[in-house]
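Have a look at the structure below before the remarks.
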Amino acid sequence: EMNRFGIVQFQEASARPAMVEAYRSVARQGRLTARARLSLYADPSKDAAQVDGFVATRAATTERGVTAGTVKIFVDGVIEAGTAAVLEPYLGPSRTDARTPVRGLPNFSDAALQALVTRLDKDGFQTHMHAIGDAAIRQGLDAIAAAAKANGPRDRRPHIAHIQLFAPSDIARFRELGVVANMQPLWAWRDSFIRDLTEPRLGPERSRWLYPFGSLQRSGAVLAGGSDWSVSSVNPLDAIQVAVTRKGLDAAPSEPAWLPDERLDLPTALAAYTNGGAYVSFEEHDSGAIEAGRLADVIVLDQNLFAIAPERIHDTHVVWTLLEGREVYRAAGFAP
């Protein structure tokens, strides 16, 4: 499925033990057609002692094309359900107590998250956080800062995923702390979820800072494009179109963009899904660009993205995919 959309390397966002074994088994059989960087699931109900198990899993995962050097931490939930952690109370009644405003349901105390991230960092793991609300994003950034202070400089490349609602003052911290902005641009338009469920819970002032990818790019943050598949489409071209237009895939050219200042230009959006993805996976010297000396990770599209209207990007198809020079997908009728 991924190969037919031109994907040859990906992050498995929350790998439990059975999933790790499945990837390792397929790799041993020589049947893995994309490099898999596994983010091992951190259980919020357990303390930092669980890192010992992650160390053992990482050491045992020696198959070519599979790594287990990343740990996934769910910092909060989602805005639509009122479980994303926010700095100011949600508008409207609480889901559990109509008399009390709520600020979501963080999965960790500040101290517990900082202890876990610091321990992971000390043992050389990359951290991969799910953080939706502005309080969760800040909590994640604070934990990364605490780990860096405790453990000193190293090439850690932590990434925070989804990053939906920002306190504007935290945007610059991604660059300052070396945190990769793991974004899912397919969600960055005013669909029914945003219009009917998100904006009413936040109000217009906070809603201005939903998915501020343009602001992150201008701040100098490294952007990496993701999908959150199988929750939503795995097709990067769909997400790239929304990143550029801030409109739904079927929107007319005349339809106004949602938060137009947060659009990305096409080269930046493409870079997020190539160089950015390689960087967050520690592969930027091997993949992410077509250059002599790098792996022959190559795809062919059926039209030039720079020669069509942005609203037509999602009509483009991958016709050929090479993983390290090996064909892993060819569209019917395509002759290379």
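The values are calculated or read from the model by the stated rules, or taken from the named source; none is laboratory data. If you're wondering where the values come from, they're calculated on a predicted model, not measured in any experiment. Positions of Cβ are backbone-derived with ideal geometry, glycine not excepted, and every protein chain shown enters the neighbour counts. Please note that ligands, DNA and RNA were not included when accessible areas were found on the heavy atoms of the full protein model with its side chains. Shrake-Rupley method; radii C 1.70, N 1.55, O 1.52, S 1.80 Å.
Looking only at region 207-216, count every residue that is assigned to a helix (DSSP H, G or I), touching a strand residue (DSSP E or B) at 6+ places or on another chain (Cβ under 7 Å) and surrounded by fewer than 22 Cβ atoms within 10 Å (Cβ to Cβ) and tell me the total. Quick ask: steps written out before the conclusion?
Step one: filter region 207-216 for residues assigned to a helix (DSSP H, G or I), giving 207, 213-216.
Then drop every residue that is not touching a strand residue (DSSP E or B) at 6+ places or on another chain (Cβ under 7 Å), which leaves 213, 216.
Now drop any that are not surrounded by fewer than 22 Cβ atoms within 10 Å (Cβ to Cβ), which leaves none.
Number of matching residues: 0.
Determine, yes or no, whether Phe108 is surrounded by 21 or more Cβ atoms within 10 Å (Cβ to Cβ) and either farther than 29 Å from Gln50 by Cα or modelled with pLDDT of 95 or more (or both). It is true that Phe108 is surrounded by 21 or more Cβ atoms within 10 Å (Cβ to Cβ) and either farther than 29 Å from Gln50 by Cα or modelled with pLDDT of 95 or more (or both).
Scanning region 15-58 for residues that are of a type in the set (Ser, Thr, Tyr) and modelled with pLDDT under 95 yields a single hit, Ser45. A Cβ distance below 7 Å, combined with a sequence gap of six or more or placement on separate chains, defines the contacts here; from region 198-222, residues that are in contact (Cβ under 8 Å) with a residue 40 or more places away in the chain and of a type in the set (Gly, Ala, Ser) reach residues that are part of a loop (DSSP other than H, G, I, E, B) and open to solvent by 40 Å² or more (accessible area, probe 1.4 Å) in the pairs Gly203/Leu91; Gly214/Arg263.
Does region 243-260 contain any residue that is surrounded by 15 or more Cβ atoms within 10 Å (Cβ to Cβ), farther than 19 Å from Val180 by Cα and touching a strand residue (DSSP E or B) at 6+ places or on another chain (Cβ under 6 Å)? For region 243-260, residues surrounded by 15 or more Cβ atoms within 10 Å (Cβ to Cβ), farther than 19 Å from Val180 by Cα and touching a strand residue (DSSP E or B) at 6+ places or on another chain (Cβ under 6 Å): absent.
Annotation note: Cβ proximity below 7 Å between a residue of region 251-264 that is assigned to a loop (DSSP other than H, G, I, E, B) and a residue that is among the small types (Gly, Ala, Ser) (sequence gap 6+ or interchain) occurs for Pro253/Ala309; Arg263/Gly214; Arg263/Ala257; Leu264/Gly214; Leu264/Ala243.
Among the strands (runs of 3 or more DSSP E) confined to region 35-149, the ones with at least 1 residues that are of a type in the set (Gly, Ala, Ser) and closer than 30 Å to Thr321 by Cα are located at 35-41, 66-74. In summary, Lys72 fulfils each of the numbered conditions (1) within 30 Å of Ala331 (Cβ to Cβ); (2) open to solvent by less than 30 Å² (accessible area, probe 1.4 Å); (3) of a type outside the set (A, V, I, L, M) with the single exception of condition (1). Checking each residue of region 286-307 against the condition of being crowded, with 20+ Cβ neighbours inside 10 Å, over 29 Å from Ala167 (Cα atoms) and of a type in the set (Asp, Glu) gives at least one match.
Of everything in region 308-327, what is surrounded by fewer than 15 Cβ atoms within 10 Å (Cβ to Cβ) and part of a loop (DSSP other than H, G, I, E, B)? Give them in sequence order. Break it down into steps so the answer makes sense when it comes.
Start the filter on region 308-327 by keeping residues that are surrounded by fewer than 15 Cβ atoms within 10 Å (Cβ to Cβ), which leaves 308-309, 312, 315, 325-327.
Result: Ile308, Ala309, Gly325.
From the residues in region 157-186 that are of a type in the set (Gly, Ala, Ser) and part of a loop (DSSP other than H, G, I, E, B), which one is least open to solvent (accessible area, probe 1.4 Å)? Lay out the reasoning, then the answer.
Within region 157-186, the first condition is being of a type in the set (Gly, Ala, Ser), and the residues that meet it are 161, 167, 169, 172, 178, 181.
Filter once more, so that each one left must be part of a loop (DSSP other than H, G, I, E, B): 167, 178.
Numbers: Ala167: 13, Gly178: 38 Å².
The residue in question is Ala167.
When you go through (1) more than 19 Å from the chain's Cα centre (by Cα); (2) surrounded by fewer than 24 Cβ atoms within 10 Å (Cβ to Cβ) one by one for Gln126, which number turns out not to apply? Status for Gln126: all satisfied but (1).
Pick from Arg154, Arg138: which is without any contact (Cβ under 8 Å) to a residue 60 or more places away in the chain, surrounded by 15 or more Cβ atoms within 10 Å (Cβ to Cβ) and more than 29 Å from Leu266 (Cβ to Cβ)?
Details: Arg154 fails: surrounded by 15 or more Cβ atoms within 10 Å (Cβ to Cβ).
Within the list Arg154, Arg138, the selection yields Arg138.
Counting residues in region 228-242 that are closer than 21 Å to Arg195 by Cβ, in contact (Cβ under 8 Å) with a residue 12 or more places away in the chain, surrounded by fewer than 13 Cβ atoms within 10 Å (Cβ to Cβ) and of a type in the set (Asp, Glu) gives zero. Consider Gly65 carefully, then state whether it is open to solvent by less than 20 Å² (accessible area, probe 1.4 Å) and either over 30 Å from Ile194 (Cβ atoms) or among the aromatic types (Phe, Trp, Tyr) (or both). Judged against the criteria, Gly65 is not a match.
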